[in-house]
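Engineer: Before I ask anything, here is the structure I am working with.
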Amino acid sequence: MNIQDIITKAGGGHRVSADEALALYVHAPTHVLGRLADEIRSRKHPHRIVTYIIDRNVNYTNVCVAKCNFCAFYRDVGSSEGYVLGFPEIFRKIDETIEVGGVQLLLQGGHNPDLPLTWYEDLFRAVKDRYPDFKLHALSPPEVIHLSRLSQISVPEVIDRLISAGLDSVPGGGAEILVDRVRRLLHCYGKATADEWLDVMREAHRRGLRTTATMMYGTVETMEERIEHMIRLRDLQDETGGFTAFITWSFQPDHTELGGAEATGVDYLRTLALARIVLDNFDNLQASWVTQGGKVGQLSLAYGANDMGSVMIEENVVRAAGAAYCMDEIEIVRNVEDAGFVPKRRNMHYDVLGDPIFRERAVPRMLSLATARPDGSAGEAPDVKSYPARSRAGKEARR
Ligand code: SF4
């Protein structure tokens with residue numbers, strides 16, 4: 001099939017195969033990929049609405065035993081730079097999030113052997129007691145697997161316990177590229193194989209949770225492997241229908257063991273457009289302005305994205321790897337409107353909540369992103385010390 005036939009097929013609403021997707025990526029000019037992705041986006045979202053959510057990306061700990069070689073965020077067990085946030089610190093972050101119209105926490109962290117499942121359950125329950133309507137979009141699949149291994153109970157049981165404690169949805173982090181050859185090279189095969197990552201999502205979907213899916217590209221994968229990743233997500237979406245959205249970003253190399261160069265903006269736009277074409281059963285694609293910057297983020301709206309992701313009051317992981325873009329609600333709305341779209345606030349299920357909050361009431365401007373701790377200090381919060389530690393360093397620190 002020649003390129004024009006594939007473009008006509010995808011434009012007509014028909015599914016493309018892996019080979020066809022590869023041919024498009026290799027041979028179609030960037031503007032043609034963009035036009036096709038935009039056509040598909042406008043069919044799914046005909047009213048030119050672009051959504052975003054106000055939430056806060058809280059990383060409860062940076063201590064991690066996984067040691068992925070693309071990660072600049074983690075610290076070893078026993079490191080003087082390791083931290084675990086306390087419940088009062090997390091409550092303060094929720095208060096600040098609500099003040100600017102936020103509706104949820106995106107809660108993710110390292111695989112800390114000294115935080116047992118009960119710590120997460122207590123945290124979720126405490127959050128729901130204090131803020132019954134506030135949502136917890138928490139713990140990516142590798143974190144769920146880590147808790148399953150740490151507690152020696154099955155993944156479905158961990159998910160059930162987290163749901164009982166207040167888990168509302170599962171973020172799609174830790175997917176990187178869902179191909180085990182790549183995962184081995186990135187030292188993330190141990191934290192979750194491709195099948196294990198997909199199985200956590202399958203179990204979450206079976207229990208009625210909606211989740212997102214992500215892809216971090218630009219490390220050691222081939223283009224065929226990027227497409228294999230998309231097809232594996234598409235297959236699971238056919239099976240469960242549980243994914244709300246797909247988010248892709250490029251590897252941020254600074255301060256990582258893997259190192260290297262960052263993928264270009266054109267590669268990002270082509271990959272995003274290809275995702276819109278391949279993932280015909282995903283409604284929503286986010287623009288990753290946090291890694292690509294506001295201008296490429298805005299351009300993403302012409303390459304298949306229909307959502308600006310999160311206003312993101314706080315960010316620690318991408319910043320550790322050298323990217324620190326910040327846009328508050330006013331800036332996101334300015335970019336969306338300037339691109340000819342209508343900005344709307346949404347919740348985690350992509351239901352529209354309303355117009356920009358700053359047009360309804362005065363909210364403080366956020367011209368820089370918050371960090372895990374305002375003063376950058378390390379250490380475990382005092383309330384963590386009542387939980388049993390697993391590591392030798394953790395046991396000694398909690399004596
Ligand atoms: S990416 Fe996540 S799991 Fe991997 S080392 Fe960093 S914090 Fe740990």
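Engineer: Once the convex hull of the C-alpha atoms of the range 91-215 is built, how many Å³ does it hold per residue, rounded to a whole number?
Structural biologist: On the way: hull volume 13.4 nm³, N = 125.
It comes to 108 Å³ per residue, whole-number rounded.
Engineer: Would you mind putting 198-208, 47-57 in packing order, based on average other-beta-carbon counts within 10 Å, highest first? Before the final figure, lay out the partial values.
Structural biologist: Working: 198-208: 18.8, 47-57: 21.2.
In decreasing order of mean packing, 198-208, 47-57 become 47-57, 198-208.
Engineer: In Å², what does the accessible area per residue of the chain work out to with a 1.4 Å probe?
Structural biologist: Values: 15680 Å² over 399 residues.
Averaged over the residues of the chain, the accessible area is 39 Å².
Engineer: Please report, in whole Å³, the volume per residue of the convex hull around the C-alpha atoms of the range 220-319.
Structural biologist: Details: hull volume 11.4 nm³, N = 100.
It is 114 Å³ per residue.
Engineer: Using 0.36 nm per residue of separation minus the Cα-Cα distance, give me the extension gain between E96 and S377 in nm, one decimal.
Structural biologist: Values: separation 281, 0.36 × 281 = 101.16 nm, distance 1.95 nm.
Answer, rounded to one decimal: 99.2 nm.
Engineer: Now for a separate question. Would you work out which of M312, A245, A275 lies farthest towards the positive end of the dipole of the range 240-320? Charges go on Cβ: Lys and Arg +1, Asp and Glu -1.
Structural biologist: Positive-most Cα among the choices belongs to A275.
Engineer: Note down the net charge around S250, summing +1 for each Lys or Arg and -1 for each Asp or Glu among other residues with Cβ under 10 Å from its Cβ.
Structural biologist: Numbers: positive: none; negative: E262, D267.
It works out to a net charge of -2.
Engineer: Can you give the charge dipole size of the range 240-309 about its Cα centre, rounded to the nearest 20 debye, using +1 on the beta carbon of Lys and Arg and -1 on the beta carbon of Asp and Glu? The partial results should precede the final answer.
Structural biologist: Details: 3 positive and 7 negative charges, 42 e Å.
Dipole of the range 240-309, to the nearest 20 debye: 200 debye.
Engineer: Among 29-35, 363-369, 210-216, how do they line up by average Cβ neighbours within 10 Å per residue, starting with the highest?
Structural biologist: Values: 29-35: 16.0, 363-369: 13.7, 210-216: 23.0.
Going from most to least packed, we get 210-216, 29-35, 363-369.
Engineer: With +1 assigned to the C-beta of every Lys and Arg and -1 to the C-beta of every Asp and Glu, and no other charges, what is the dipole magnitude of the range 142-282 about the Cα centre in debye, to the nearest 20?
Structural biologist: Computed about the Cα centre, the dipole is about 200 debye.
Engineer: Quick one: pull the percent of accessible area on the range 164-293 belonging to carbon and sulfur, 1.4 Å probe, ligands and nucleic acids left out. Each step should come with its number before you reach the end.
Structural biologist: Details: 1790 of 3970 Å².
Roughly 45 percent of what the probe reaches on the range 164-293 is carbon or sulfur.
Engineer: Is there a quick way to get the dipole size of the chain? I mean about its Cα centre, with the Cβ of Lys and Arg at +1 and of Asp and Glu at -1; what is the value in debye to the nearest 20?
Structural biologist: My answer is approximately 320 debye.
Engineer: Whole-Hz Karplus ³J(HN,Hα) for the range 352-368, in order, using 6.51 cos²θ - 1.76 cosθ + 1.60 and θ = phi - 60°, x for Gly and Pro?
Structural biologist: Karplus values, whole Hz, x for Gly and Pro: 6, 9, x, 6, x, 5, 5, 8, 9, 7, 6, 10, x, 6, 10, 9, 8.
Engineer: To continue, here is another question. Please give the peptides 138-147, 219-228 ranked by average Cβ packing (other Cβ atoms within 10 Å per residue), highest first, as a rough proxy for protection. Don't skip to the answer; put the middle values down first.
Structural biologist: Details: 138-147: 26.0, 219-228: 18.9.
Put in order of decreasing packing, that is 138-147, 219-228.
Engineer: Here's something else I'd like to know. Using Cα springs under 10 Å in a Gaussian network model of the chain, which residue among G340, G11, G242 shows the largest mean-square fluctuation?
Structural biologist: The residue with the greatest mean-square fluctuation here is G340.
Engineer: Among P116, T61, Q104, whose Cα lies farthest out toward the positive end of the dipole of the range 34-122, if unit charges sit on the beta carbon of Lys, Arg (+1) and Asp, Glu (-1)?
Structural biologist: Q104
Engineer: Relative to the compact globular guide of 2.2 N^0.38 Å, what is the alpha carbon radius of gyration of the chain, as a ratio?
Structural biologist: Values: Rg = 20.4 Å, N = 399, 2.2 N^0.38 = 21.4 Å.
Taking N as the residue count of the chain, the ratio is 0.95.
Engineer: Another one. Rounded to the nearest whole Å³, what is the per residue volume of the convex hull around the Cα atoms of the range 277-399?
Structural biologist: Working: hull volume 24.0 nm³, N = 123.
Hull volume over Cα atoms, normalised by residue count, gives 195 Å³.
Engineer: Based on the Kirkwood radius over alpha-carbon pairs, what value in µm²/s does the Stokes-Einstein equation return for the translational diffusion coefficient of the range 105-171 at 37 °C and 0.692 mPa s? Show your work: numbers first, answer last.
Structural biologist: Working: Rh = 11.8 Å.
It comes out at roughly 278 µm²/s.
Engineer: Quick check: the distance between the Cα centres of the range 124-167 and the range 266-285, to the nearest angstrom?
Structural biologist: Computed from Cα coordinates, the inter-centre distance equals 30 Å.
Engineer: What are the lysines whose alpha-carbon lies under 29 Å from the alpha-carbon of K9, with same-chain residues fewer than 8 places away excluded?
Structural biologist: K44
Engineer: Now, a different point. For the range 355-374 and the range 188-265, what is the separation of their Cα centres, given in Å?
Structural biologist: Distance between centres, Cα-based: 29 Å.
Engineer: Here is a follow-up. Tally up the carbon and sulfur contribution to the accessible surface of the range 296-399 as a whole percent, 1.4 Å probe, everything protein left in place. The partial results should precede the final answer.
Structural biologist: Values: 2670 of 5080 Å².
Looking at the range 296-399 in its full context, I get 53 percent from C and S.
Engineer: Now for a separate question. Using the charge dipole of the chain (Lys, Arg: +1 at Cβ; Asp, Glu: -1 at Cβ; taken about the Cα centre), state which of A10, F358, I177 has its Cα farthest towards the positive end.
Structural biologist: Comparing the listed Cα positions along the dipole, F358 ranks first.
Engineer: Run the helix sum for the chain: -39,500 (n - 2.57) per DSSP H stretch of 4+ residues, divided by residue count, reported at 222 nm to the nearest 500 deg cm²/dmol.
Structural biologist: -12000 deg cm²/dmol
Engineer: Another question, then. Cβ under 12 Å from R15's Cβ, R15 left aside: what net charge do those residues give with Lys, Arg +1 and Asp, Glu -1? Provide the component values of the computation, followed by the final result.
Structural biologist: Numbers: positive: K9, R234; negative: E20, D235, D238, D280.
Net local charge, R15 excluded: -2.
The values are calculated or read from the model by the stated rules, or taken from the named source; none is laboratory data. These figures come from a predicted structure and were not determined experimentally. FYI the Cβ positions are ideal-geometry reconstructions off the backbone, even for glycines, and counts take in every protein chain you see. The area values use the complete protein model at the heavy-atom level, side chains included, leaving out ligands, DNA and RNA. Shrake-Rupley method; radii C 1.70, N 1.55, O 1.52, S 1.80 Å.
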